[in-house]
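For reference, the structure discussed in these notes is given below.
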Amino acid sequence: MMGTKEMDYAAITKSIRALCHGEHDTVALMATLVCEIHHNHPMCDWTGFYRVTEPEVLKIGPYQGGHGCLVIPFSRGVCGAAARTGLVQNVPDVDAFAGHIACSSSTRSELVLPVWNGQGQLLGVLDLDSNTPAAFGKADEDWLVPLLAELFQSAT
């Protein structure tokens with residue numbers, strides 16, 4: 001089992017919607033979402049956003065866990081791949097991912113999702129790291145993709 005069966009996606013979503021209701025500030029939304037995911041997802045050891053701050057560059061945003069990499073170019077790592085391609089990156093074994101950036105030597109798997117606002121602007125990526133191999137499944141993707149679209153629809 002991938003560890004997500006303990007997740008009550010509906011309850012966490014309800015809490016996130018209540019906490020974020022009426023909020024449009026990107027950083028405030030990111031900080032709240034990261035806190036809720038990190039403290040409710042049993043497989044997350046590091047949870048955070050990397051924000052697009054200039055062309056082809058991601059910089060660390062709100063996060064929970066140990067220190068993360070400060071800057072990630074679109075050309076490197078799992079986060080860069082998500083930003084570059086606009087596609088979800090679910091990596092069950094980071095050692096098998098060519099160009100993986102080891103911000104933490106304990107990370108075994110990652111789920112990285114691009115984050116867009118309603119105008120189609122890439123705001124950044126949401127990065128979930130786990131010390132467990134294959135920690136994230138399709139259920140996590142199916143939960144987070146529409147939730148991110150909803151929350152960041154009118155983000156500024």
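Just so you know, all these numbers are worked out from the coordinates, no wet-lab data involved. These numbers were taken from a predicted model, which means no experiment stands behind them. Here the Cβ positions follow ideal geometry from the backbone for every residue, glycine too, while neighbour counts run over all protein chains shown.
What the table shows:
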read-out	value
Ascending count of other beta-carbon atoms within 10 Å, so fewest first, for 88, 71	71, 88
Footprinting exposure proxy for 21, 41, 67 (fewest neighbouring C-beta atoms within 10 Å first)	21, 67, 41
Extended-chain gain in nm, criterion 0.36 nm per residue less alpha-carbon gap, residue 97 and residue 71	7.5 nm
Long-range Cα-Cα pairs in the chain (distance over 27 Å), rounded percent	14 percent
Taking 110, 36, 141 and counting other C-beta atoms within 10 Å, the order from fewest to most	141, 36, 110
Rounded to the nearest 20 debye, dipole of the chain from Cβ charges on Lys, Arg, Asp, Glu	140 debye
Residue 139-residue 19 pseudo-label distance in nm [points 7 Å out on the Cα-to-Cβ vector]	2.1 nm
Cysteines in the chain that, by Cβ-Cβ distance, have no pairing candidate under 4.7 Å	20, 35, 44, 79
Contour excess over end-to-end distance, with Cα ends at residue 59 and residue 8 and 0.36 nm allotted per residue	15.3 nm
